Amino acid sequence: MRSALHAEWTKFRTNPGWPALLVAIVVGTAGVSAAADGCTGGACTADLPRLSLTGVQLGQAVVALLAVLVMGNEYSSGLAAVTYAAVPRRLRVLAAKAVVVAVVVAAASIVAVGGSLAVGNWLLPAHHLVPRTAVGAVLYLVLIALLALGATTAVRNPAAASGIVLALLYAAPILTMVVSDPTWAKRLQQAEPVSAGLAVLATTGDQPIGPWKGLGVLALWALASLLVGATFLVRRDA
Amino acid sequence: MTGFGDTLHAEWTKFRTVPGWVLGVLAAAAGIVAFGLLPGIGGSCGTSACPTLIGPDGTEVRDSFTFVHQPLAGDGSITVRVAALKSAVPWAKAGLIVKDGTTRGSTYAAVMVTGDHGVRLQYDYTHDIGGPAVGAPRWLRLTRAGNTVTAAESADGIRWTGVDHAQLPGLPATAEVGLFVTSPEFVAEIRQGLAAGTDSGPSRATGTFDHLTLEGGWRGAAWRSDPVGDAAAGAADGGSGLERDGDAWRVTGAGDIAPSVAGGAGVGVTVTQTLTGTFVGLILVVVVATMFVTAEYRRGLIRTTFAADPGRVRVLAAKATVLGAVTFGVGLVAAAVVVFAGRRVLRAGGVYVHPAALPTELRIVAGTAALLAVAAVMALGVGALLRRGVTAVTTAIVVIVLPYLLAVAVLSGAAASWLLRVSPAAAFALQQAARQYPQVDNSYRPADGYFPLPGWAGLAVLTGWAALAFAAAALLTSRRDA
């Protein structure tokens, strides 16, 4: 396992695109957060800790992109055949990739979330730090990355995988919004990964689900996605 | 050398022979239709509230107020002083009204003092003319001459200033004329979790009138106090009606005389909201459009393509034409199904869909198709610029789709409206069905189907972005190695 981990880490760090992606996670998250902080008016002052983390909405797309690339590059370049020849136990490869993605995304997210909160503190006089939202945002981004990794393993085509993951990230919350029946809307928001997962960022208002329970729902989604990916990985040709 | 027709044919063949792309575009259409016909879609209406009333010019209206009236045969005038208006909302109204009977939705003209918007002349529900921005106490006068109703106001009852006049072609010879008070719902924006929402509830106003004088063809009948419309509900708990105290008349009422709107203060959904599935369709279209060019780079097919047709810009143009035509056609069919057939399905399921004029519906259908087609061309440009499928798909979705999500579900107020002015998501304005009335307080939010730009301007913004992406792609594709 250690050699597989080492191999995956080497693959990741020698990929020329990764510094740009990590910078994009930090700048995108902090930038959108700062832009949201800049808005004024009554509606903006409702939940300042959440407002200062608005950039997570963009950051999650870059995080997903990174995770998709880590697995997708294997298939788009034909490297997968070599990888599985070197490490015949494919699940080990997936586990190593998951560890690398989780660690890298966690590191980038800590900087991104820290930057967003620092900007929020600087721009919003009434802003106060809520440790739960900060930790929750980092965990949220890590879980989104694992969800994307599992989906890419299942789909293999990186472009299609990123389409599926982004559709889940952006379409699901909109569609649960239009359901008028409040019971069903709440049920959907509790079951759907983004609305449930982002509940951890809210400090006021009536949330569909508790903050940690919501992250738990997202974790289940990520786990399910990894399991589906693992099943496909073991059963089919590379 | 090949002509554009051959290139077009080649690109069309590529498109239709990849099952994933065809399925993706069909799934986009299916998404638009499925979410349009979803019975759980916003705002199902009670038994009494909808369908709403239709006013003299065919618009949907609200008509409920407390009416203290008597008949006026022919011409005449009524003068009164509004001594006080006790209200909680800016658009509470107390004043004089001439109306075709007490039937709801009939033609009228009224001069009034409002809670926060000064003296106003309003007639036939959609017309609103502002007078001086002062509140009670104020003297008001309404004069009927034929079909013309003239409003005047005064600070002291001696020096009068005309507000304006209204033409009411449908007003019968004998009209009901008198005092009225009404008060619309309050609307406040609230934010819960990821979704921004609105809170609203009924309000009530009490107007105190004195110095009532009449001139002209009055029959000397007794004053009658009638609740018109929903005001009857308020009367049940003693909240509306008339109290006389010597020369003073205290009238309490609730409701509004105004156009009916969708959203926080209204009932039902607009055509715009039935097209929420466009968002899903857009994501799929963007993915397919991006892959339509990045797949060629991934497979190395691009070298064959450019060897067969060295005019690289022509290849890009052919791809854009194929994608634009396919997505426009598919979007047109899907939106037409939702707008024309969907309304019947939704109404059968107890959801009230506000009717829109046929030209508006056609604009919405064609606009949805255009939105998908232009966004597809933009995504194609992004794909040709970045060449790598994943990066291009993510970039295209972040640029085209994320602003709409932020504007509708996350941000609110100025930030949301700014995003819908400058980002590619501005083109969603093409789907706006309802009119925004300044004289009705409502949460005119993007989530309720109200956009900051007119439809054509929104499309222009998206087209500008698409042209930029396409031009950059054309330039780079010709300059760099395949």
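The values are calculated or read from the model by the stated rules, or taken from the named source; none is laboratory data. It should be emphasised that the depicted structure is a prediction, and the values quoted were computed from it without experimental measurement. For neighbour counting, all protein chains shown are included, and Cβ atoms are generated from backbone atoms with ideal geometry for every residue, glycine included.
With the condition kept exactly as written, say whether any residue in the range B:447-468 is within 14 Å of chain A (Cβ to nearest Cβ), closer than 22 Å to A:Leu53 by Cα and part of a helix (DSSP H, G or I).
yes
Looking at the range A:24-96, what helices (runs of 4 or more DSSP H) fall wholly within it and have at least 1 residues that are within 8 Å of chain B (Cβ to nearest Cβ) and at pLDDT 80 or above?
Here the list reads A:56-77.
Scan the range B:412-444 for residues that are within 25 Å of B:Val285 (Cα to Cα) and in a loop (DSSP other than H, G, I, E, B) and report the count.
3
Just to be sure before I move on: is B:Ala409 more than 18 Å from B:Leu371 (Cα to Cα), facing chain A (nearest Cβ under 7 Å), surrounded by fewer than 24 Cβ atoms within 10 Å (Cβ to Cβ) and in contact with a strand residue (DSSP E or B) (Cβ under 7 Å, 6 or more places away or on another chain) in the structure I sent?
On the way: more than 18 Å from B:Leu371 (Cα to Cα): yes; facing chain A (nearest Cβ under 7 Å): yes; surrounded by fewer than 24 Cβ atoms within 10 Å (Cβ to Cβ): yes; in contact with a strand residue (DSSP E or B) (Cβ under 7 Å, 6 or more places away or on another chain): yes.
For B:Ala409, the condition - more than 18 Å from B:Leu371 (Cα to Cα), facing chain A (nearest Cβ under 7 Å), surrounded by fewer than 24 Cβ atoms within 10 Å (Cβ to Cβ) and in contact with a strand residue (DSSP E or B) (Cβ under 7 Å, 6 or more places away or on another chain) - is met.
Do any strands (runs of 3 or more DSSP E) lying entirely in the range B:128-186 carry at least 1 residues that are hydroxyl-bearing (Ser, Thr, Tyr), at pLDDT below 85 and within 33 Å of the chain's Cα centre (by Cα), and which ones are they?
Correct list: empty, since no element meets the threshold.
Can we say A:Ala102 is within 30 Å of A:Arg235 (Cα to Cα), more than 14 Å from every other protein chain (Cβ to nearest Cβ) and not in a loop (DSSP other than H, G, I, E, B)?
When the stated conditions are applied, A:Ala102 passes them.
Does A:Ala126 count as of a type outside the set (S, T, N, Q) and under 30 Å from B:Gly24 (Cα atoms)? Lay out the reasoning, then the answer.
Working: of a type outside the set (S, T, N, Q): yes; under 30 Å from B:Gly24 (Cα atoms): no.
No.
Among A:Ala102, A:Ala154, A:Ala126, A:Ala160, which is the only one that is without any contact (Cβ under 8 Å) to a residue 24 or more places away in the chain and surrounded by fewer than 24 Cβ atoms within 10 Å (Cβ to Cβ)?
Details: A:Ala102 fails: without any contact (Cβ under 8 Å) to a residue 24 or more places away in the chain; A:Ala154 fails: without any contact (Cβ under 8 Å) to a residue 24 or more places away in the chain; A:Ala126 fails: without any contact (Cβ under 8 Å) to a residue 24 or more places away in the chain.
Answer to the selection: A:Ala160.
Table: residues versus (1) touching a Phe, Trp or Tyr at 6+ places or on another chain (Cβ under 7 Å); (2) hydroxyl-bearing (Ser, Thr, Tyr); (3) under 25 Å from A:Thr152 (Cβ atoms); (4) not assigned by TED's automatic domain parsing to the domain that holds B:Gly24.
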{"position": "B:Ala341", "(1), (2), (3), (4)": "no, no, no, no"}
{"position": "B:Arg344", "(1), (2), (3), (4)": "no, no, no, no"}
{"position": "B:Pro359", "(1), (2), (3), (4)": "no, no, no, no"}
{"position": "B:Val377", "(1), (2), (3), (4)": "yes, no, no, no"}
{"position": "B:Val382", "(1), (2), (3), (4)": "no, no, yes, no"}
{"position": "B:Leu386", "(1), (2), (3), (4)": "no, no, yes, no"}
{"position": "B:Thr394", "(1), (2), (3), (4)": "no, yes, yes, no"}
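Which one of these is within 14 Å of chain A (Cβ to nearest Cβ) and surrounded by fewer than 23 Cβ atoms within 10 Å (Cβ to Cβ): B:Leu332, B:Leu386, B:Leu358?
Unique residue meeting the criteria: B:Leu386.
Among the numbered conditions (1) within 14 Å of another protein chain (Cβ to nearest Cβ); (2) surrounded by 24 or more Cβ atoms within 10 Å (Cβ to Cβ); (3) at pLDDT below 80, tell me where B:Met291 comes up short.
(3)
Inside the range A:157-172, can you point out the residues that are among the aliphatic types (A, V, I, L, M), within 14 Å of the chain's Cα centre (by Cα) and at the interface with another protein chain (Cβ under 7 Å from one of its Cβ atoms)?
A:Leu166, A:Ala167
If I ask for residues that are within 9 Å of chain B (Cβ to nearest Cβ) and of a type in the set (Phe, Trp, Tyr), which ones from the range A:173-222 would you list?
The answer is A:Trp184, and nothing else.
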